[in-house]
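So the structure is just underneath, and the comments pick up after that.
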């Protein structure tokens with residue numbers, strides 16, 4: 001086995017880690033979206049990492065957070081702290097497994113953040129928080145983002161849309177999109193979205209914002225939840241055919257392998 005069995009490292013949020021059995025080169029962090037689950041959002045990803053040798057030297061963590069109850073910026077702040085803690089040498093979870101201890105001078109070569117929907121806002125804002133706190137923190141030089149159906153330009157779902165399209169009420173209610181504070185954060189004209197755009201642009205204009213450019217942005221062909229507007233002119237979105245907002249990030253072994261291939265490409 002290239003990895004440990006699943007290890008729950010944050011029980012309350014069901015964050016799950018698969019640690020490499022060898023000294024890892026990379027950390028891959030999966031961040032789900034609104035009402036998602038740490039592993040459930042990603043379908044066959046947890047099982048497929050065992051079948052692809054490209055992941056053998058990567059620690060893999062499926063991060064969980066209270067995406068419905070927490071507002072977006074609080075989620076980002078919590079993820080920032082998690083990110084900083086879990087890029088340190090000899091994490092508590094590793095030291096409990098003596099064969100997984102790392103050298104004192106260890107650091108990951110790459111940190112790949114794979115995010116879906118609201119998760120894109122969480123990881124983008126978390127990195128801006130790191131930049132604001134440390135300015136030149138080394139992890140910002142090693143970050144690569146792979147974003148599936150990102151909500152970083154906001155959502156299409158709002159009260160007026162529901163009133164115009166009554167047949168969508170049941171779908172929206174089922175997804176928990178009504179009377180939830182974070183949905184206000186996801187409106188295109190919200191302070192959360194506009195501040196994210198402005199703060200990112202400031203760093204880009206100052207030639208210190210390379211860490212804000214996603215390596216891959218994957219849009220679903222049949223998207224009805226998030227706005228498909230480009231976040232940054234340096235990003236070239238990929239349209240994934242025959243997918244929707246929920247399915248675009250879910251690999252199915254032998255049937256829909258694109259999501260796992262996009263992540264593997266960032267390990268090269």
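Points worth noting:
- Members of segment 122-138 that are touching a helix residue (DSSP H, G or I) at 6+ places or on another chain (Cβ under 7 Å), over 23 Å from residue 250 (Cα atoms) and outside any loop (DSSP other than H, G, I, E, B): 125, 126, 127, 128, 129, 130, 131
- Filtered residue count, segment 205-221, keeping only those that are more than 17 Å from the chain's Cα centre (by Cα) and either surrounded by 14 or more Cβ atoms within 10 Å (Cβ to Cβ) or closer than 19 Å to residue 265 by Cβ (or both): 3
- Filtering 154, 119 for residues that are buried (at least 20 other Cβ atoms within 10 Å of the Cβ), out of contact with any helix residue (DSSP H, G or I) (no Cβ under 8 Å at 6 or more places or on another chain) and at pLDDT 95 or above leaves a single hit, 119.
- Flag for residue 255 being without any contact (Cβ under 8 Å) to a residue 60 or more places away in the chain and surrounded by fewer than 16 Cβ atoms within 10 Å (Cβ to Cβ): yes
- Enumeration of residues in segment 200-224 that are in a helix (DSSP H, G or I) and within 13 Å of residue 131 (Cα to Cα): 200, 202, 203, 204, 210, 211, 212
- Residue 182 meets the stated requirement of being more than 16 Å from the chain's Cα centre (by Cα) and under 19 Å from residue 157 (Cα atoms).
- The number of residues in segment 104-116 being within 8 Å of the chain's Cα centre (by Cα) and modelled with pLDDT under 90 comes to 0.
- Segment 30-48 residues that are without any contact (Cβ under 8 Å) to a residue 40 or more places away in the chain and at negative phi, paired with ones that are crowded, with 24+ Cβ neighbours inside 10 Å and outside any loop (DSSP other than H, G, I, E, B) (beta carbon under 7 Å, 6 or more apart): 38/62; 38/63; 39/62
The values are calculated or read from the model by the stated rules, or taken from the named source; none is laboratory data. A quick note: this is a predicted structure, and the numbers were derived from the prediction, not measured. A quick note on method: Cβ atoms are made from the backbone with ideal geometry, for glycine too, and the neighbour counts reach across all protein chains shown.
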